[in-house]
Amino acid sequence: MRIALVGYMGSGKSTMGRLLAERMNIPFIDLDERIELVEGTSIADIFTTKGEAYFRKLESAMLTEILESEKSYVLASGGGTPCFFEQMRLLNERCMTIYLRCSSTVLQARLTDSSQSRPVLSKLSDGISEHLMEREKIYSKAQIIVNGELSILELSQYIQMLLI
(Lines give C-alpha, C1' and ligand atoms only; values in the text may rest on other atoms or scores of the structure.)
Protein backbone atom coordinates (compact mmCIF):
# COMPACT_ATOMS: atom_id res chain seq x y z
CA MET A 1 0.00 0.00 0.00
CA ARG A 2 1.21 3.48 -0.86
CA ILE A 3 0.02 6.33 1.33
CA ALA A 4 0.98 9.96 0.78
CA LEU A 5 0.31 12.55 3.47
CA VAL A 6 -0.17 16.11 2.23
CA GLY A 7 -0.81 19.36 4.03
CA TYR A 8 0.67 22.63 5.10
CA MET A 9 3.94 22.77 7.03
CA GLY A 10 3.27 22.02 10.67
CA SER A 11 0.22 19.86 9.94
CA GLY A 12 1.94 16.75 11.30
CA LYS A 13 2.84 14.87 8.11
CA SER A 14 6.23 13.64 9.38
CA THR A 15 5.08 12.79 12.90
CA MET A 16 1.90 11.09 11.68
CA GLY A 17 3.72 9.36 8.84
CA ARG A 18 6.29 7.77 11.14
CA LEU A 19 3.60 6.48 13.51
CA LEU A 20 1.32 5.25 10.73
CA ALA A 21 4.17 3.44 8.94
CA GLU A 22 5.24 1.81 12.21
CA ARG A 23 1.69 0.67 12.98
CA MET A 24 1.25 -0.67 9.44
CA ASN A 25 4.73 -2.23 9.39
CA ILE A 26 5.71 -0.52 6.13
CA PRO A 27 8.57 1.89 5.36
CA PHE A 28 8.30 5.60 6.10
CA ILE A 29 9.73 8.16 3.69
CA ASP A 30 10.04 11.85 4.51
CA LEU A 31 10.59 13.65 1.21
CA ASP A 32 12.29 16.67 2.81
CA GLU A 33 14.63 14.42 4.81
CA ARG A 34 15.53 12.46 1.69
CA ILE A 35 16.33 15.68 -0.18
CA GLU A 36 18.52 16.88 2.69
CA LEU A 37 20.33 13.53 2.75
CA VAL A 38 21.02 13.55 -1.00
CA GLU A 39 22.06 17.22 -1.06
CA GLY A 40 24.04 17.01 2.18
CA THR A 41 22.50 20.22 3.50
CA SER A 42 19.25 21.60 4.90
CA ILE A 43 16.23 22.70 2.88
CA ALA A 44 16.79 26.23 4.19
CA ASP A 45 20.37 26.19 2.84
CA ILE A 46 19.20 24.88 -0.53
CA PHE A 47 16.70 27.76 -0.77
CA THR A 48 19.39 30.27 0.23
CA THR A 49 22.23 29.03 -1.96
CA LYS A 50 20.45 27.56 -4.99
CA GLY A 51 16.98 29.09 -4.89
CA GLU A 52 13.43 27.84 -4.76
CA ALA A 53 13.30 26.92 -8.46
CA TYR A 54 16.26 24.55 -8.02
CA PHE A 55 14.66 23.07 -4.90
CA ARG A 56 11.28 22.49 -6.60
CA LYS A 57 12.92 20.70 -9.55
CA LEU A 58 14.94 18.54 -7.18
CA GLU A 59 11.83 17.83 -5.10
CA SER A 60 9.92 16.80 -8.23
CA ALA A 61 12.72 14.49 -9.38
CA MET A 62 12.96 12.86 -5.95
CA LEU A 63 9.19 12.40 -5.75
CA THR A 64 9.12 10.77 -9.19
CA GLU A 65 11.95 8.46 -8.15
CA ILE A 66 10.09 7.42 -5.00
CA LEU A 67 6.80 6.87 -6.80
CA GLU A 68 8.50 4.73 -9.44
CA SER A 69 10.81 2.70 -7.22
CA GLU A 70 9.20 2.06 -3.86
CA LYS A 71 6.54 -0.60 -3.42
CA SER A 72 4.80 0.06 -0.14
CA TYR A 73 5.28 3.08 2.12
CA VAL A 74 3.90 6.04 3.97
CA LEU A 75 5.25 9.21 2.38
CA ALA A 76 5.33 12.60 4.12
CA SER A 77 5.41 15.11 1.30
CA GLY A 78 6.79 18.59 1.73
CA GLY A 79 4.21 21.30 2.32
CA GLY A 80 4.63 22.63 -1.22
CA THR A 81 5.14 19.32 -2.99
CA PRO A 82 1.56 18.89 -4.26
CA CYS A 83 1.45 22.51 -5.44
CA PHE A 84 4.02 22.30 -8.24
CA PHE A 85 4.35 20.42 -11.54
CA GLU A 86 0.95 18.69 -11.28
CA GLN A 87 2.33 16.60 -8.41
CA MET A 88 -1.02 16.37 -6.60
CA ARG A 89 -2.43 14.60 -9.65
CA LEU A 90 0.59 12.29 -9.71
CA LEU A 91 0.25 11.53 -6.00
CA ASN A 92 -3.45 10.75 -6.44
CA GLU A 93 -2.67 8.41 -9.34
CA ARG A 94 0.01 6.46 -7.51
CA CYS A 95 -0.99 6.65 -3.83
CA MET A 96 -3.82 6.86 -1.37
CA THR A 97 -3.59 10.57 -0.56
CA ILE A 98 -4.55 11.95 2.84
CA TYR A 99 -4.77 15.67 3.56
CA LEU A 100 -4.08 16.60 7.19
CA ARG A 101 -6.25 19.72 7.38
CA CYS A 102 -5.52 22.27 10.11
CA SER A 103 -6.71 25.82 10.68
CA SER A 104 -4.33 28.70 10.11
CA THR A 105 -4.56 29.52 13.84
CA VAL A 106 -3.35 26.06 14.85
CA LEU A 107 -0.64 26.04 12.18
CA GLN A 108 0.58 29.49 13.21
CA ALA A 109 0.89 28.30 16.82
CA ARG A 110 2.74 25.14 15.76
CA LEU A 111 5.10 27.07 13.49
CA THR A 112 6.01 29.85 15.91
CA ASP A 113 9.78 30.40 15.91
CA SER A 114 10.44 28.03 13.00
CA SER A 115 10.89 30.54 10.17
CA GLN A 116 14.67 29.98 10.23
CA SER A 117 14.27 26.33 9.23
CA ARG A 118 11.27 26.88 6.95
CA PRO A 119 12.27 29.17 4.08
CA VAL A 120 8.77 29.59 2.62
CA LEU A 121 7.47 30.66 6.03
CA SER A 122 10.14 33.34 6.37
CA LYS A 123 8.85 35.01 3.17
CA LEU A 124 5.28 35.39 4.43
CA SER A 125 4.92 38.87 5.86
CA ASP A 126 1.22 38.62 6.74
CA GLY A 127 1.21 35.18 8.33
CA ILE A 128 0.05 31.97 6.77
CA SER A 129 -3.71 32.52 6.27
CA GLU A 130 -3.62 33.62 2.62
CA HIS A 131 -0.89 31.15 1.72
CA LEU A 132 -2.87 28.32 3.31
CA MET A 133 -6.02 29.37 1.41
CA GLU A 134 -4.11 29.17 -1.90
CA ARG A 135 -2.72 25.74 -1.10
CA GLU A 136 -6.00 24.47 0.35
CA LYS A 137 -7.41 24.31 -3.20
CA ILE A 138 -4.75 21.79 -4.11
CA TYR A 139 -4.59 19.86 -0.84
CA SER A 140 -8.37 19.38 -0.98
CA LYS A 141 -7.94 17.22 -4.08
CA ALA A 142 -6.64 14.44 -1.79
CA GLN A 143 -8.70 11.28 -1.68
CA ILE A 144 -9.18 11.52 2.08
CA ILE A 145 -9.35 14.68 4.20
CA VAL A 146 -8.90 14.37 7.95
CA ASN A 147 -8.80 16.73 10.89
CA GLY A 148 -5.09 17.27 11.49
CA GLU A 149 -5.86 18.95 14.80
CA LEU A 150 -6.68 15.64 16.50
CA SER A 151 -4.05 14.08 18.74
CA ILE A 152 -1.51 11.96 16.88
CA LEU A 153 -2.89 8.80 18.50
CA GLU A 154 -6.51 9.63 17.58
CA LEU A 155 -5.51 10.59 14.07
CA SER A 156 -3.45 7.43 13.45
CA GLN A 157 -6.29 5.23 14.73
CA TYR A 158 -8.80 7.07 12.54
CA ILE A 159 -6.64 6.80 9.42
CA GLN A 160 -5.98 3.11 10.01
CA MET A 161 -9.70 2.54 10.38
CA LEU A 162 -10.33 4.31 7.06
CA LEU A 163 -7.74 2.17 5.29
CA ILE A 164 -9.11 -1.17 6.45
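Scan the stretch 34-67 for residues that are under 17 Å from G80 (Cβ atoms), free of Cβ contacts under 8 Å to residues at least 24 places away in the same chain and not aliphatic (A, V, I, L, M) and report the count.
So the answer is 8.
Are any residues in the stretch 135-156 modelled with pLDDT under 95 and either within 14 Å of the chain's Cα centre (by Cα) or loosely packed, with under 15 Cβ neighbours inside 10 Å (or both), and if so, which ones?
Result: S151, I152, L153, E154.
What are the residues in the stretch 67-93 that are in a helix (DSSP H, G or I) and touching a helix residue (DSSP H, G or I) at 6+ places or on another chain (Cβ under 7 Å), if any?
Once the filter is applied, which keeps residues that are in a helix (DSSP H, G or I) and touching a helix residue (DSSP H, G or I) at 6+ places or on another chain (Cβ under 7 Å), the stretch 67-93 yields L67, T81, P82, C83, Q87, M88, L90, L91.
Restricting to the stretch 2-38, count the residues that are in a loop (DSSP other than H, G, I, E, B) and not aliphatic (A, V, I, L, M).
The qualifying residues number 7.
Can you name the condition, by its number, that T41 falls short on among (1) among the β-branched types (V, I, T); (2) assigned to a helix (DSSP H, G or I); (3) surrounded by fewer than 18 Cβ atoms within 10 Å (Cβ to Cβ)?
(2)
Go through the stretch 4-33 and count every residue that is polar (S, T, N, Q) and without any contact (Cβ under 8 Å) to a residue 60 or more places away in the chain.
Final tally of qualifying residues: 1.
Answer with yes or no whether M9 is under 18 Å from N147 (Cβ atoms) and out of contact with any Asp or Glu (no Cβ under 8 Å at 6 or more places or on another chain).
It is true that M9 is under 18 Å from N147 (Cβ atoms) and out of contact with any Asp or Glu (no Cβ under 8 Å at 6 or more places or on another chain).
In this structure, does T64 turn out to be crowded, with 18+ Cβ neighbours inside 10 Å and not charged (D, E, K, R)?
Against the criterion (crowded, with 18+ Cβ neighbours inside 10 Å and not charged (D, E, K, R)), T64 does not qualify.
Which members of the stretch 67-101 meet the condition of being over 13 Å from A142 (Cβ atoms) and buried (at least 22 other Cβ atoms within 10 Å of the Cβ)?
The answer is V74, A76, G78, G79.
Hey, among L75, L91, L58, which residue is modelled with pLDDT of 95 or more and over 11 Å from L5 (Cβ atoms)?
Criteria check complete, one pass: L58.
The values are calculated or read from the model by the stated rules, or taken from the named source; none is laboratory data. Quick caveat, the model's predicted, so the values are computed rather than measured. No Cβ is skipped: glycine too gets one built from the backbone with ideal geometry, and neighbour counts run over all protein chains shown.
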